[in-house]
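Here's the structure, in structure tokens; my notes come after.
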Number of protein chains: 4
Amino acid sequence: MRGNSLPDLGVGLIGTGFMGRAHALAFHNARTTFELPINLKLAALADADAARAQDCASRWGFERSHADWQQLISDPAVDLVAITTPNLLHFPMAMAALEAGKAVYCEKPLAVSLGQARQMHAAARKAGVVTRVGYNYQHNPMIGLAREMIEAGELGRIISFQGEFSEDFMGDALSPWSWRCEEAHAGGALADLGSHLLAMARYLLGDVEAVCADSQTVHPQRPAARGSNEQRAINIDDQTYALLRFANGARGTFGSSWLKHGYKNHLSFEISGTLGTLSFDQERLNELRLYRAGAPGRDGFQRILAGPQQPGYAAFCPAPGHQLGYNELKALEVHELIQALQGNGGNGTDFAEAMEVERLATAIRLAAKEMRWVTMTDV
Amino acid sequence: MRGNSLPDLGVGLIGTGFMGRAHALAFHNARTTFELPINLKLAALADADAARAQDCASRWGFERSHADWQQLISDPAVDLVAITTPNLLHFPMAMAALEAGKAVYCEKPLAVSLGQARQMHAAARKAGVVTRVGYNYQHNPMIGLAREMIEAGELGRIISFQGEFSEDFMGDALSPWSWRCEEAHAGGALADLGSHLLAMARYLLGDVEAVCADSQTVHPQRPAARGSNEQRAINIDDQTYALLRFANGARGTFGSSWLKHGYKNHLSFEISGTLGTLSFDQERLNELRLYRAGAPGRDGFQRILAGPQQPGYAAFCPAPGHQLGYNELKALEVHELIQALQGNGGNGTDFAEAMEVERLATAIRLAAKEMRWVTMTDV
Amino acid sequence: MRGNSLPDLGVGLIGTGFMGRAHALAFHNARTTFELPINLKLAALADADAARAQDCASRWGFERSHADWQQLISDPAVDLVAITTPNLLHFPMAMAALEAGKAVYCEKPLAVSLGQARQMHAAARKAGVVTRVGYNYQHNPMIGLAREMIEAGELGRIISFQGEFSEDFMGDALSPWSWRCEEAHAGGALADLGSHLLAMARYLLGDVEAVCADSQTVHPQRPAARGSNEQRAINIDDQTYALLRFANGARGTFGSSWLKHGYKNHLSFEISGTLGTLSFDQERLNELRLYRAGAPGRDGFQRILAGPQQPGYAAFCPAPGHQLGYNELKALEVHELIQALQGNGGNGTDFAEAMEVERLATAIRLAAKEMRWVTMTDV
Amino acid sequence: MRGNSLPDLGVGLIGTGFMGRAHALAFHNARTTFELPINLKLAALADADAARAQDCASRWGFERSHADWQQLISDPAVDLVAITTPNLLHFPMAMAALEAGKAVYCEKPLAVSLGQARQMHAAARKAGVVTRVGYNYQHNPMIGLAREMIEAGELGRIISFQGEFSEDFMGDALSPWSWRCEEAHAGGALADLGSHLLAMARYLLGDVEAVCADSQTVHPQRPAARGSNEQRAINIDDQTYALLRFANGARGTFGSSWLKHGYKNHLSFEISGTLGTLSFDQERLNELRLYRAGAPGRDGFQRILAGPQQPGYAAFCPAPGHQLGYNELKALEVHELIQALQGNGGNGTDFAEAMEVERLATAIRLAAKEMRWVTMTDV
């Protein structure tokens, strides 16, 4: 029996919201799609609501449930702790899991402050376990292709980056307050959306050296709840723009806004080098737009469709044009994580890298506050 | 325990190729995503290769495996037989399953001839069980939205349909012969690609009354295998075009080609009515393009992104712009099938409808062969 | 003095409507832009309204005006007669001009019946003068590029054509009757719009051998005038679709509709060959979309922008991306006409070719009427 | 005779390069298209090469030619002096024309330094004549529509601006030195391209209050001429990025680059307000992209095509979808200028406004040099 000879990997998942279910789906998808070198076991599911924990465990195929997340962490069947709870809880949960010597797969953002992030990074280093933070957009095969092209020099020397992550879910002045409006919960357009783009920029182009930025709270108060007359003061940013200088010499612009009408998931960027330009928009995640210099009279931006030449795509679709969805990016993230757990590399954002993303966001926040250029050594 | 009070539904899956795995994924996804009114059990998996059957069963989460599909059909734990084998086997397997009084979920096409399709339809009727054929593109929430808009009269009276399903995987004259090149296996561009579009046209606009068509074998021979010097004569169509007259009065054009360079999954259509136009392209399956008359100076085609207003989308993604992929359309198909099994309606193509699709394709084939208009009563 | 050594070419323009002014603009633009081998003189302008003729002549830079078009034709300063009057008048005016031995530049369509077109063609042949019909869209440099690519074999052997000319100006059931609704005036979607596409198809791919077609009058009556209660019966086609077989072996579809909401000038086509695909949409006339087989993993449709590599573009814009407009296509047509008058070739549709376009439209009309395939030898 | 009763307006044009010819075309086009309230006379053309001046005058329809631009300015038949010479000459020519009390229509940029621009503005004020600078992209009817929508509040309160003008004509490291590489000639990506975008931003959103910026010379030396081995040191910017704070409260980003492969005339912007978003790309100048909040389930960016609802478009094309080209924007600029000369308003950039554009570019340059935020009161 094939299954018998493989080591078990027990997953413990904390949280049963949308993101909890997305993790459950991702584990199922990864297990069914890839010939994994382990027996992936859905060992335990935790939710503070014991009935919900039990119900979801039953429907999602977990072996048991816990109402106390600390029990899940100490459950001997759990090797990997997946954290999908509100941002405030990432720190205590991840710290406890690291303390217990377990691998951690934490949803983004790593923490609600740079101080926490630094502690988590230090703890992970000390624990010597595999860690991952859920910047799943990087696992898109088209992002993989973009990175490949950049690394292979197909665009030449990289000289510019323009990136923007815009959505419009807070675009209406009457969109109510939520935890996303609280800095203490890692709220605001920069932290909530922008950090995805910063992670992506670093993934593709490496370190940023200096930033200048401008942040604005456009709607200084919002209803306490949809339709409520009670108003709450809002202190976080609705939009943040920045100039970036990369260590590789590239220059460019950054934007994040949750007020930009018409955009739903517009994590987009354009990267230009001495030989070509590529651009990407998360709203069409199965496409890359590429221009390569040197075909006079037959030149033009072309649309590359995701296809099985990209291994991550081939795992799910046998032919180009069939398209991956959001949830499959998550499954690809799980697959990379499992490779890391097996000591076979495995792309992805570990706590060290996630801490760097927090540091970069902090530099942007500082530059905006003090209206000056900030170099990364300042943070 | 919630699970205990629900009836079991045992799935038996035949086939472990790409489509077999796609079914396995779909059942997992449906079970994890939806609060199903049943206990969906992956009861049995069959493949003629016993070791492969066992290995896949283990990895995909099936309770047991069979090397003989007939055993799977007679397995008392199996309530629903899913057939993902080569086209030639659809007929005997589905007939056996119907004979055994089991529900059948068969991949498209229903059969390799209209005669078979008619027999299968008759057998299904007699058996009185739920049947489904895997025209999964219809389960795309954007197709659901299109149908809603058409039915609600948002486009007015429908007057035209232009549809085309083009790919390019046989575009190279050296693309080798495969079973897709054999009429006896339901090969050819019309049967392989065009039938999806015909199913879609019927799903959205209803019956076609008359057709005229033109079919062509552009490459009359192909290598027996990639790189082989041996040539095989090719008799099926590389491209077929048609004029369609719908019972609702709409007129239009139809195309299917597997030679059209640049297209990978270009199942596309444009439907126009007295009040507006909508169009769709499967290569961007999360979008619909809509024009509505009556906004002078502010009019223009708009791009509607899939979002949680469509229930099928909301099941997988909490916000617009996140996108579904091919595999989730399959999970939505499974969900509809389960609703049908519960007697709660459930969209999808049953054997009766799939037989109509075969009949329409047959009419087009006849019109092309005899170079004349064919009315559906001729077939 | 440069001017003195060049022969004069006197233009006589009949008609002062939009198309008359477009011709006046085109002559000015051609004269200013190109170093013409002649002195292009705007000799005379005719309009039945003498005051208007005089006023427009003054504003548009014509040397004199006539209220009687026959006087313009016999004016000895006029070498070339440009006809921009209603379709019904094309025949008598062109015949008179040919009788007088003058070159003729007639707006499309050549005539209101195939019989007239044949007579005009015969008269032109007998007169031995240069003739042109205003199918100005062919003079678009991007169409020139498309033709070049096809002729050079860049797309390989051509196998398919999909073309459609759709607009929506009659899309509203209350859009009133006009001369365009009268067959005797060459009205109907096929004659008014479709003939442009047929001319284009022939320009790019050559002769059509056989057609099958379907025509429909969707709105069988329309108000006599905007807002009027009086209804007029409508007999011409609102939409016509066809299957085409080209002499070069290509097959495809054709559509013309003036009911298709959202389209304003959608003369569009897609041409596919054994090595690639190109497509064009007149609503973005400065672009061509191209796919070339053979760049695995970096393949995709690309957007080629018009640029100075195309001579007709370079004449008006020094750099790519600046864009030509409708009126410049007309100036390019005039430039080609002048080359023809100088015996230097000169692209464009002469009366012989325009008669072939009428013949093809007539074949489509016949095929639709008799619901059968029609070969060109039938017409 | 209509013409007799209208006052004459004599145009004197300096320069016979591409831009000179573009002006000649624009005057012809404006005269033929609009019913002007004056007799527009092409009085004189000047070029230092007397033979060329004469030849062009003859071909372009000017009454006489001058080899000395000062003679043209003092020619009593000249009421309006149009300057299309190299940037360095704008100052002396415009100053002389103003001194002579003539209206001036100067190509952009106004001058090669802010000091010059200030002097020219002062001189224009003193002379009390009409002045215009050729920022012709503003005269695009789609830009007019954008401005209308913004002013009417259709987008709500404006909160963000993202603008970029990118081309790639210097993208190749071997693209040779030219005057555009000299600061003394108003070279560099910011001055050459960026100033168009700054003019556009001011046209649409008004004053900018503060800027922060980053400029870079990516290729510090270039061949002295195409293919030459001689290298010249380059000091101007290849790319400049900035953050902008508008007086109306909007925030955003700005970019200009002549290194960005794939872009040919990508003057583009996106403006977002509390009720919607619009965007524009000069590479598709007949289109505007608009999103308006408030149509749940039917929302999405729409593409608005230029059409005759915009008066400037209607002047040239009778129906939407026919498209204006670059040269017609110039004719529309001339038309507005003539309205200004008649005291009837007339959109466009006068010397006062063009000086503000120079001032803004200077602020960006200063911010980049000193790596700090610069408020407009600093400049």
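The values are calculated or read from the model by the stated rules, or taken from the named source; none is laboratory data. From a predicted model like this one, the values you see are computed outputs, not experimental measurements. Methodologically, a virtual Cβ is constructed for each residue, glycine included, from the backbone with ideal geometry; neighbour enumeration extends over all protein chains shown.
Please name all residue pairs, on different chains or six or more residues apart, with Cβ atoms under 7 Å, provided the first residue is in the stretch A:262-277 and is within 10 Å of residue A:159 (Cβ to Cβ) and facing another protein chain (nearest Cβ under 7 Å) and the second residue is in a strand (DSSP E or B) and polar (S, T, N, Q).
Pairs found: A:272/A:160.
If residue D:59 passes every condition in (1) over 22 Å from the mean Cα position of the chain (by Cα); (2) within 23 Å of residue D:28 (Cα to Cα); (3) at pLDDT 95 or above but one, which one does it miss?
Result: residue D:59 fails condition (3) only.
Looking at B:358, B:333, which one is buried (at least 23 other Cβ atoms within 10 Å of the Cβ) and outside the structural domain of residue B:255 (by TED's automatic domain parsing)?
B:333
Could you tell me whether the stretch D:226-237 includes any residue that is in contact with a Ser or Thr (Cβ under 9 Å, 6 or more places away or on another chain), among the small types (Gly, Ala, Ser) and in contact (Cβ under 8 Å) with a residue 24 or more places away in the chain? Can you show your working first?
Step one: of the stretch D:226-237, the residues in contact with a Ser or Thr (Cβ under 9 Å, 6 or more places away or on another chain) are D:226, D:234-237.
Imposing the further condition that a residue be among the small types (Gly, Ala, Ser) reduces the set to none.
Within the stretch D:226-237 (the criterion being in contact with a Ser or Thr (Cβ under 9 Å, 6 or more places away or on another chain), among the small types (Gly, Ala, Ser) and in contact (Cβ under 8 Å) with a residue 24 or more places away in the chain), the answer is no, since none of the residues qualifies.
Can you find even one residue in the stretch C:68-83 that is within 14 Å of chain D (Cβ to nearest Cβ) and touching a helix residue (DSSP H, G or I) at 6+ places or on another chain (Cβ under 6 Å)?
no
Has the stretch D:161-179 got any residue that is out of contact with any helix residue (DSSP H, G or I) (no Cβ under 6 Å at 6 or more places or on another chain), part of a helix (DSSP H, G or I), at pLDDT 95 or above and among the hydrophobic types (A, V, I, L, M, F, W, C)?
So far as the stretch D:161-179 goes, no, none of its residues is out of contact with any helix residue (DSSP H, G or I) (no Cβ under 6 Å at 6 or more places or on another chain), part of a helix (DSSP H, G or I), at pLDDT 95 or above and among the hydrophobic types (A, V, I, L, M, F, W, C).
Residue check: is residue A:166 of a type in the set (Gly, Ala, Ser) and out of contact with any Phe, Trp or Tyr (no Cβ under 8 Å at 6 or more places or on another chain)?
no
Let me spell it out: the conditions are (1) modelled with pLDDT under 95; (2) touching a strand residue (DSSP E or B) at 6+ places or on another chain (Cβ under 7 Å), and residue A:184 meets all of them except one. Which number is the exception?
Answer for residue A:184: the failing condition is (2).
For the stretch C:3-12, give me each residue that is within 12 Å of chain D (Cβ to nearest Cβ) and at pLDDT 95 or above.
none
Quick one: residue D:78 ticks every box in (1) surrounded by fewer than 20 Cβ atoms within 10 Å (Cβ to Cβ); (2) more than 21 Å from the chain's Cα centre (by Cα) bar one, so which box is it?
So residue D:78 meets the others, but not (1).
When residue B:225 is evaluated against the numbered criteria (1) outside any loop (DSSP other than H, G, I, E, B); (2) of a type in the set (A, V, I, L, M); (3) surrounded by fewer than 21 Cβ atoms within 10 Å (Cβ to Cβ), which criterion, by number, is the only one it fails?
(1) is the only condition that residue B:225 fails.
Hey, among A:92, A:7, A:109, which residue is under 18 Å from the mean Cα position of the chain (by Cα) and over 27 Å from residue B:5 (Cβ atoms)?
Details: A:92 fails: under 18 Å from the mean Cα position of the chain (by Cα); A:7 fails: under 18 Å from the mean Cα position of the chain (by Cα).
That would be A:109, the only listed residue that is under 18 Å from the mean Cα position of the chain (by Cα) and over 27 Å from residue B:5 (Cβ atoms).
Quick check on the stretch C:251-273: of everything there that is more than 30 Å from residue C:219 (Cα to Cα) and touching a His at 6+ places or on another chain (Cβ under 8 Å), which residue is surrounded by the most Cβ atoms within 10 Å (Cβ to Cβ)? Step through it out loud before you land on a result.
Of all residues in the stretch C:251-273, those more than 30 Å from residue C:219 (Cα to Cα) come to C:251, C:271-273.
If we keep only those that are touching a His at 6+ places or on another chain (Cβ under 8 Å) too, we end up with C:272-273.
Values: C:272: 29, C:273: 23.
The residue in question is C:272.
For the stretch D:337-348, what are the residues that are within 24 Å of residue D:265 (Cα to Cα) and surrounded by 22 or more Cβ atoms within 10 Å (Cβ to Cβ)? Talk me through it step by step, then tell me what you get.
At the first step, the residues of the stretch D:337-348 found to be within 24 Å of residue D:265 (Cα to Cα) are D:347-348.
Across the stretch D:337-348, the qualifying residue is only D:348.
Only one of these conditions is not met by residue A:86: (1) over 23 Å from the mean Cα position of the chain (by Cα); (2) over 25 Å from residue B:28 (Cβ atoms); (3) surrounded by fewer than 16 Cβ atoms within 10 Å (Cβ to Cβ). Which number is it?
(1)
Go through the stretch D:169-214 and report how many residues are farther than 20 Å from residue D:107 by Cα and either of a type in the set (A, V, I, L, M) or more than 19 Å from the chain's Cα centre (by Cα) (or both).
Qualifying residue count for the region: 17.
Which is away from chain B (no Cβ under 14 Å) and either among the β-branched types (Val, Ile, Thr) or not in a loop (DSSP other than H, G, I, E, B) (or both), of A:23, A:28, A:90?
The match here is A:90.
For residue B:215, state whether it is on the phi < 0 side of the Ramachandran plot, part of a strand (DSSP E or B) and hydroxyl-bearing (Ser, Thr, Tyr).
Working: on the phi < 0 side of the Ramachandran plot: yes; part of a strand (DSSP E or B): yes; hydroxyl-bearing (Ser, Thr, Tyr): yes.
So residue B:215 fits the description; yes.
Out of all the residues in the stretch A:290-297, is one or more closer than 14 Å to residue A:201 by Cα and either assigned by TED's automatic domain parsing to the domain that holds residue A:198 or touching a Pro at 6+ places or on another chain (Cβ under 8 Å) (or both)?
Within the stretch A:290-297, not a single residue is closer than 14 Å to residue A:201 by Cα and either assigned by TED's automatic domain parsing to the domain that holds residue A:198 or touching a Pro at 6+ places or on another chain (Cβ under 8 Å) (or both).
Residue B:285: free of Cβ contacts under 8 Å to residues at least 24 places away in the same chain, at the interface with another protein chain (Cβ under 8 Å from one of its Cβ atoms), buried (at least 18 other Cβ atoms within 10 Å of the Cβ) and over 17 Å from residue C:251 (Cβ atoms), yes or no? Break it down into steps so the answer makes sense when it comes.
Working: free of Cβ contacts under 8 Å to residues at least 24 places away in the same chain: no; at the interface with another protein chain (Cβ under 8 Å from one of its Cβ atoms): yes; buried (at least 18 other Cβ atoms within 10 Å of the Cβ): yes; over 17 Å from residue C:251 (Cβ atoms): yes.
For residue B:285, the condition - free of Cβ contacts under 8 Å to residues at least 24 places away in the same chain, at the interface with another protein chain (Cβ under 8 Å from one of its Cβ atoms), buried (at least 18 other Cβ atoms within 10 Å of the Cβ) and over 17 Å from residue C:251 (Cβ atoms) - is not met.
Assuming residue C:222 fulfils every condition listed in (1) away from chain B (no Cβ under 14 Å); (2) at pLDDT 95 or above apart from one, which condition is it?
(1)
Can you give me the number of residues within the stretch C:308-326 that are at the interface with another protein chain (Cβ under 7 Å from one of its Cβ atoms) and surrounded by 18 or more Cβ atoms within 10 Å (Cβ to Cβ)?
9
Can you name every residue in the stretch C:35-64 that is surrounded by 20 or more Cβ atoms within 10 Å (Cβ to Cβ), at the interface with another protein chain (Cβ under 9 Å from one of its Cβ atoms) and either in contact (Cβ under 8 Å) with a residue 40 or more places away in the chain or not charged (D, E, K, R) (or both)?
Of everything in the stretch C:35-64, those that are surrounded by 20 or more Cβ atoms within 10 Å (Cβ to Cβ), at the interface with another protein chain (Cβ under 9 Å from one of its Cβ atoms) and either in contact (Cβ under 8 Å) with a residue 40 or more places away in the chain or not charged (D, E, K, R) (or both) turn out to be C:54, C:60.
Looking at the stretch B:341-364, is at least one residue in a helix (DSSP H, G or I) and more than 30 Å from residue B:243 (Cα to Cα)?
yes
Just to verify a result, which residue in the stretch A:173-215, among those that are surrounded by fewer than 21 Cβ atoms within 10 Å (Cβ to Cβ) and among the polar types (S, T, N, Q), is farthest from the other protein chains (Cβ to nearest Cβ)?
Here the residue is A:178.
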